[in-house]
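The values are calculated or read from the model by the stated rules, or taken from the named source; none is laboratory data. Small disclaimer: the values here were computed from a predicted structure and weren't measured. Methodologically, a virtual Cβ is constructed for each residue, glycine included, from the backbone with ideal geometry; neighbour enumeration extends over all protein chains shown.
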Amino acid sequence: MQFSIQTASLRQLVILSFILALIPVAMLLWQSYQALSKVSQYAITEAQTAVNSVQQAENMRNLIVDIERAVRQYSVVRTDALQRLANSHLEQQQRTLRQVCIELPTLQHCQAQQQDLAQLSAGFTELDSASLEPLLQRIRQQQQQISQHISKLLEQRLATQQQFVASNQQQLAWQTVLLVVLTLVLVLWASGRIAAPVRKLDQMIRAIGAPQHQFPDEKLRGPRELTELGEQLRWLSARLQKLEALRLVLLRHASHELKTPLSSIREGCALLSEQLVGPLNAKQQEVVSLLNGSADRLSVLTEQLLDYNRLLQQAEPDLKQLLPQALIKQCINEHALSLQQRQQDVRLNCQLTALVTDETLFRRILDNLINNAQAYGAEGSPVWINLYRKEQNIMLDVANNGTTIPTALRHKLFEPFMRGSTPRFDAVQGSGLGLSIVADCARLLGGHADIVDVVFADVCIRVVLPELEEKK
């Protein structure tokens with residue numbers, strides 16, 4: 001059975017679970033039908049018994065009246081017809097009494113009335129009215145007592161019937177509770193057979209996306225479709241691990257293989273520019289200048305690519321308290337030469353005296369935003385840098401004047417290798433990684449980056465970061 005459940009398909013498991021859950025329900029319906037049938041049959045039997053007892057009691061009372069009338073008439077007239085009539089009533093009363101005594105064995109006064117009726121039947125022809133009256137009165141009182149006792153027995157049987165119904169109701173209620181609990185157990189068991197492999201699949205998917213990439217070694221057990229999906233995820237995990245290893249090897253080799261010849265090219269260009277190996281004419285100097293620019297651009301692009309790779313490998317920020325104004329001024333000084341060449345002054349508004357964040361990630365955000373504002377901003381126009389607090393968040397705005405960014409394009413600019421149509425005004429051609437690095441750094445810090453509209457500038461990139469606490 002265990003093997004068949006594990007190798008069954010998801011559809012078969014669902015159908016089997018549904019059937020198992022229906023078994024207690026079917027048992028409950030059958031028990032309810034049996035209990036209802038028993039109660040109905042008992043009620044019908046008791047009702048018939050009660051009706052018969054009431055009819056017999058009524059017939060006996062009427063016969064007693066007929067017997068008294070016939071016996072008194074015979075004591076006066078003394079005819080054969082009245083004697084036969086009295087005997088007939090007495091015999092019928094005796095038969096009815098015997099039947100009632102058999103049906104109701106606990107009935108009192110039965111034997112006493114039978115004796116009195118026998119005495120009356122044997123001697124009413126010889127007794128006078130004065131002798132008959134005490135016997136008839138005693139028989140009449142006995143009949144009243146019998147009728148009262150029958151009424152009490154009927155009330156007792158009615159109470160017994162009510163107790164029987166209540167007992168069956170209680171038993172049915174306990175059976176209902178038991179079967180409902182059993183149904184819930186079966187449903188939970190069946191859902192567990194499906195939920196357990198689904199949770200395992202969730203763990204596998206999370207393991208694939210985790211930085212450590214520790215894929216579970218245990219094989220997935222469950223329905224056939226989920227088992228096959230688990231094996232496909234295992235194959236995908238192995239494939240991604242191989243690709244990740246190849247990417248790291250490629251980047252390590254690229255960083256080494258590119259930097260070494262690039263350094264040689266820049267040194268050679270520097271020697272030629274300084275004319276240490278001999279004088280250069282104007283055309284040669286122009287070619288050397290182009291080589292210098294290309295080498296610088298290639299160096300910047302290589303550094304951005306390696307920086308983006310290091311960002312992807314960083315799993316958790318290292319939080320500590322910093323002095324934000326000093327950090328921003330340090331970043332501005334590193335870009336001072338580029339800003340001076342385009343006559344762009346920086347207008348800093350830092351309203352925070354302390355900031356808890358990851359220094360490396362925050363520096364990357366500042367470097368890329370300042371470089372972006374310097375490269376795309378209008379010449380001679382200022383660059384605004386505002387750092388302030390708003391509603392439990394830290395807001396960093398870097399704005400510049402220049403060509404506005406269409407609303408439809410703003411979200412796409414934060415994707416890797418996406419570049420807008422606005423040309424850069426510096427010597428380096430963009431790689432499309434600057435704003436992507438800004439967005440990824442903001443996400444690692446628990447925030448996000450957007451392009452917003454402000455009244456004092458044409459373009460403003462806003463980074464919203466939550467207030468963080470320093471790790472102890």
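Observations
- Applying the criterion of at least 2 residues that are at pLDDT 80 or above, farther than 30 Å from Gln119 by Cα and in contact with a Leu (Cβ under 6 Å, 6 or more places away or on another chain) to the helices (runs of 4 or more DSSP H) found wholly in the stretch 1-108 leaves 10-77.
- Between Ala173, Ala159, Ala190, the distinction of being part of a helix (DSSP H, G or I) and either of a type in the set (Phe, Trp, Tyr) or in contact (Cβ under 8 Å) with a residue 40 or more places away in the chain (or both) belongs to Ala190 only.
- Members of the stretch 75-126 found to be of a type in the set (Val, Ile, Thr) and either surrounded by 18 or more Cβ atoms within 10 Å (Cβ to Cβ) or within 29 Å of Leu154 (Cβ to Cβ) (or both), listed by number: Thr96, Val100, Ile102, Thr106
- Single condition Ser436 does not satisfy, out of (1) modelled with pLDDT under 85; (2) surrounded by fewer than 14 Cβ atoms within 10 Å (Cβ to Cβ); (3) within 22 Å of Pro317 (Cβ to Cβ): (2)
- Counting only strands (runs of 3 or more DSSP E) that sit completely within the stretch 311-364, those holding 2 or more residues that are within 39 Å of the chain's Cα centre (by Cα) correspond to 319-322, 355-358.
- In the stretch 46-99, the residues that are within 60 Å of the chain's Cα centre (by Cα) and among the hydroxyl-bearing types (Ser, Thr, Tyr): Thr49
- One residue from Gln99, Gln156 being in contact with a helix residue (DSSP H, G or I) (Cβ under 8 Å, 6 or more places away or on another chain) and assigned by TED's automatic domain parsing to the domain that holds Ala50: Gln99
- Filter result (assigned to a helix (DSSP H, G or I) and of a type outside the set (Asp, Glu)) within the stretch 365-401: Ile365, Leu366, Asn368, Leu369, Ile370, Asn371, Asn372, Ala373, Gln374, Ala375, Tyr376
- Flag for Leu220 being within 28 Å of the chain's Cα centre (by Cα), modelled with pLDDT of 70 or more and outside any helix (DSSP H, G or I): yes
- Given (1) modelled with pLDDT of 85 or more; (2) of a type in the set (A, V, I, L, M, F, W, C); (3) surrounded by 12 or more Cβ atoms within 10 Å (Cβ to Cβ), index of the condition Leu311 fails: (1)
- Cβ-Cβ under 8 Å pairs, at least 6 apart or on other chains, the stretch 21-47 side in the same structural domain as Leu182 (by TED's automatic domain parsing) and closer than 29 Å to Leu184 by Cα, far side of a type in the set (Gly, Ala, Ser) and part of a helix (DSSP H, G or I): Ala21/Ala190
- Subset of the stretch 383-416 (residues that are loosely packed, with under 14 Cβ neighbours inside 10 Å, under 43 Å from the mean Cα position of the chain (by Cα) and more than 27 Å from Gln325 (Cβ to Cβ)): Pro406, Thr407, Ala408, Leu409, His411, Lys412, Glu415
- Evaluating Val288 against the criteria (1) at pLDDT 80 or above; (2) among the β-branched types (Val, Ile, Thr); (3) over 48 Å from the mean Cα position of the chain (by Cα) leaves one unmet condition, (1).
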